[in-house]
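**Student:** This is the structure, below, for whatever I ask next.
The values are calculated or read from the model by the stated rules, or taken from the named source; none is laboratory data. This one's a predicted model, so the numbers in the text were calculated from it and none came from an experiment. Using ideal geometry, Cβ is built from the backbone for each residue, glycine included, and neighbour counts are taken over all protein chains shown. The area values use the complete protein model at the heavy-atom level, side chains included, leaving out ligands, DNA and RNA. Shrake-Rupley method; radii C 1.70, N 1.55, O 1.52, S 1.80 Å.
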Amino acid sequence: FVAIILIFCSIVTWVILLTRLWDLRNLRKLKPELEQFWRATSFDEGVQSFSNQAVNPYFQIARAATKASEHHQNQSSHHRELLQTLNYSEWMSRSIKNSIDGIAAGLQKGLTFLGSTGAISPFVGLFGTVWGIYHALIAISSSGSAQIDQVAGPIGEALIMTALGLAVAIPAVLGFNAINRANKLFVADLNRFGNDLLAY
């Protein structure tokens, strides 16, 4: 049962690692499009120059900024929403920040599982080892013989659980750190783009 838990955690860990690293690789490919955006002759033309618009975070931020600007400017002084009492600059800053925060939250998916797996897998493996050794010792005591050939097999099988726990934990911890760092760098790029957009 412990082995099944660890194998399941290992499979999920590798699925998360491969999909998240692939997603980050695709997001990094979008960065050169920023220069193309700022070289456009109009804001609408720049927005339309982004590729993969359904998943492009730069497009999503620019689109959110457009909608926020239109929404704020369309409010009449007599029928103004509470949030529209903010001046235009504060309203745009808040809208762009909310858009970036939403994208950053999406980048965190899977990291909780990786962090938890990296933290508990060695202990789950150790539990399997202790449990296996306990049953091996029970079997030896009931047989009344403790020769090396009788001890080695069950104890060796039990120790495999420790190795399995480490084999699950190490990729999870390394992957967690790598993805977390890549996320921070990407969010920093989004913040720079958001600041430039706000200035515009």
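**Student:** Could you tell me which residue of the stretch 39-65 is farthest from LEU107 (Cα to Cα), considering only residues that are more than 25 Å from the chain's Cα centre (by Cα) and open to solvent by 90 Å² or more (accessible area, probe 1.4 Å)?
**Tutor:** Applying the filter and picking the extreme gives THR41.
**Student:** Residues in the stretch 101-117: is at least one in a helix (DSSP H, G or I), open to solvent by 80 Å² or more (accessible area, probe 1.4 Å) and at pLDDT 80 or above?
**Tutor:** Yes, because at least one residue in the stretch 101-117 is in a helix (DSSP H, G or I), open to solvent by 80 Å² or more (accessible area, probe 1.4 Å) and at pLDDT 80 or above.
**Student:** Now for a different question. Taking the condition over 18 Å from LEU27 (Cα atoms), hydroxyl-bearing (Ser, Thr, Tyr) and within 21 Å of the chain's Cα centre (by Cα), does THR117 pass?
**Tutor:** Criteria met by THR117.
**Student:** How about the stretch 21-37: which of its residues are surrounded by 12 or more Cβ atoms within 10 Å (Cβ to Cβ), over 20 Å from the mean Cα position of the chain (by Cα) and of a type outside the set (Asp, Glu)?
**Tutor:** LEU34, GLN36, PHE37
**Student:** To continue, here is another question. Restricting the first residue to the stretch 162-179 and requiring it to be farther than 12 Å from GLY118 by Cα, which pairs with a second residue that is not in a helix (DSSP H, G or I) and not β-branched (Val, Ile, Thr) meet a Cβ separation below 6 Å and a spacing of at least six or different chains?
**Tutor:** Filtered contacts from the stretch 162-179: no entries.
**Student:** So, one more: For the stretch 180-200, which residues satisfy the criterion of being charged (D, E, K, R), touching a residue at least 24 places away in the same chain (Cβ under 8 Å) and either over 19 Å from THR66 (Cβ atoms) or touching a Pro at 6+ places or on another chain (Cβ under 6 Å) (or both)?
**Tutor:** Across the stretch 180-200, the qualifying residue is only ASP189.
**Student:** On to the next question. Examine the stretch 130-141 for a residue that is more than 18 Å from VAL12 (Cα to Cα), open to solvent by less than 70 Å² (accessible area, probe 1.4 Å) and in contact (Cβ under 8 Å) with a residue 40 or more places away in the chain, and state whether such a residue exists.
**Tutor:** No, the stretch 130-141 contains no residue that is more than 18 Å from VAL12 (Cα to Cα), open to solvent by less than 70 Å² (accessible area, probe 1.4 Å) and in contact (Cβ under 8 Å) with a residue 40 or more places away in the chain.
**Student:** Right, next: Evaluate the stretch 10-20: report whether one residue or more is farther than 30 Å from THR129 by Cα and open to solvent by less than 60 Å² (accessible area, probe 1.4 Å).
**Tutor:** yes
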